[in-house]
1. Of everything in region 72-125, what is on the phi > 0 side of the Ramachandran plot and without any contact (Cβ under 8 Å) to a residue 24 or more places away in the chain? Give them in sequence order.
2. Looking for something touching a helix residue (DSSP H, G or I) at 6+ places or on another chain (Cβ under 8 Å), buried (at least 17 other Cβ atoms within 10 Å of the Cβ) and without any contact (Cβ under 8 Å) to a residue 40 or more places away in the chain - is there at least one such residue anywhere in region 13-21?
3. May I ask you to verify whether residue 163 is touching a His at 6+ places or on another chain (Cβ under 9 Å) and within 16 Å of the ligand (Cβ to nearest atom)?
4. Since residue 24 meets every condition but one in (1) touching a residue at least 12 places away in the same chain (Cβ under 8 Å); (2) open to solvent by 50 Å² or more (accessible area, probe 1.4 Å); (3) of a type outside the set (Lys, Arg), which condition does it not meet?
5. Only one of 249, 168 is within 16 Å of the ligand (Cβ to nearest atom), in contact with a Leu (Cβ under 8 Å, 6 or more places away or on another chain) and either in contact (Cβ under 8 Å) with a residue 40 or more places away in the chain or at positive phi (or both). Can you tell me which?
6. I want to confirm something. Restricting to region 106-137 and keeping residues that are more than 17 Å from the chain's Cα centre (by Cα) and outside any helix (DSSP H, G or I), which single residue is nearest to the ligand (Cβ to nearest atom)?
7. Restricting to region 221-239, name every residue that is open to solvent by 30 Å² or more (accessible area, probe 1.4 Å), within 16 Å of the ligand (Cβ to nearest atom) and either more than 14 Å from residue 6 (Cα to Cα) or not small (Gly, Ala, Ser) (or both).
8. Select from region 63-100 the residues that are outside any loop (DSSP other than H, G, I, E, B), within 16 Å of the ligand (Cβ to nearest atom) and of a type outside the set (D, E, K, R) and list them in ascending order.
Amino acid sequence: MRTPLVVGNWKMNARVGAAIELAAEVKTGVAEIDGVEVAVCPPFTALKPVGDLIRYGRLRLGAQNVHAEPDGAFTGEISVGMLSDLACAYVIVGHSERRTHFHEDDALVARKAAAVLAGGMRPIVCVGETLAEREAGRTEEVLRRQVAGSLGALGAQAGEVVLAYEPVWAIGTGRTATPEQAQAAHAFLRARLAELVGGEAAQGMRILYGGSVQPAKVGDLARQPDVDGGLVGGASLAAPTFVEIVRIVAGD
Ligand code: PEP
């Protein structure tokens, strides 16, 4: 039995004051919701104050990115050790916005995922096809390549990863995947994970859906057998909406 996970990705939004307010509201809102794990991923500048605020509660802290090297001359970058100092539990790696705008490829995503695991945190590894790839019937080919490229080198440790299926055409577009599309992709991904870590371990891994998750859509998505929660962007910036999503995923 997999405990669902709902993660709010705040992206480059919320300065420190706003981040503290948002985190406080989410913390209170999810405090009594059982049967689901919840994390928020503020921008780097708000990790420390948000982490201090939610420490000892059930809300977990995540980061949106990390550098693959442990330290060194990488101006402007943040290391795994720096994130673990702040008690981050999760680190998103390979988000499509980083793949697109910052040219991150599967090899780099794999190095980041390995670094996060070595640092004692869980990577949330994002994969997903573009609209052109879907329309060309290449969704499975793309997902297969991304899973192999991002997780293949991790060996059995890949079982510690949270995978996020985020079709690029659904991110920030208001065009949510249908439950059938999500289930098909998630089942395909779980079968690829089984090839890497074995069937039993793959059954224990969480695969989140991300892409324009909204309260009205999330119930049907979360009821799919291979959908284990959500990675929520825009809708995580309004605490009542995010808390409602958490409540629905928990079946509360
Ligand atoms: C995301 O940032 O991972 C995401 C899915 O964004 P949105 O929910 O806004 O589509």
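The values are calculated or read from the model by the stated rules, or taken from the named source; none is laboratory data. For clarity, every value in this text was computed on a predicted model and none was experimentally measured. Ideal geometry is used to build each Cβ from the backbone, glycine not excepted, and the neighbour counts take in all protein chains shown. Just the protein is used for accessible areas: all its heavy atoms, side chains included, with ligands, DNA and RNA removed. Shrake-Rupley method; radii C 1.70, N 1.55, O 1.52, S 1.80 Å.
1. Initially, region 72-125 is screened for residues on the phi > 0 side of the Ramachandran plot, giving 72, 76, 87, 94, 103, 120.
Once the filter is applied, which keeps residues that are on the phi > 0 side of the Ramachandran plot and without any contact (Cβ under 8 Å) to a residue 24 or more places away in the chain, region 72-125 yields 72, 76, 103.
2. From region 13-21, those touching a helix residue (DSSP H, G or I) at 6+ places or on another chain (Cβ under 8 Å) are 13-16, 19-20; that's our starting set.
Subsequent filtering for residues that are buried (at least 17 other Cβ atoms within 10 Å of the Cβ) retains 14, 19-20.
In the following step, the residues that additionally are without any contact (Cβ under 8 Å) to a residue 40 or more places away in the chain were identified as 19-20.
Within region 13-21 (the criterion being touching a helix residue (DSSP H, G or I) at 6+ places or on another chain (Cβ under 8 Å), buried (at least 17 other Cβ atoms within 10 Å of the Cβ) and without any contact (Cβ under 8 Å) to a residue 40 or more places away in the chain), the answer is yes, since at least one residue qualifies.
3. Details: touching a His at 6+ places or on another chain (Cβ under 9 Å): yes; within 16 Å of the ligand (Cβ to nearest atom): yes.
Criteria met by residue 163.
4. (2)
5. 168
6. 130
7. 237, 238
8. We begin by selecting, within region 63-100, every residue outside any loop (DSSP other than H, G, I, E, B); these are 63, 80-85, 90-93, 96-100.
From what is left, the residues that are within 16 Å of the ligand (Cβ to nearest atom) are 63, 90-93, 96-100.
Correct list: 63, 90, 91, 92, 93, 96, 100.
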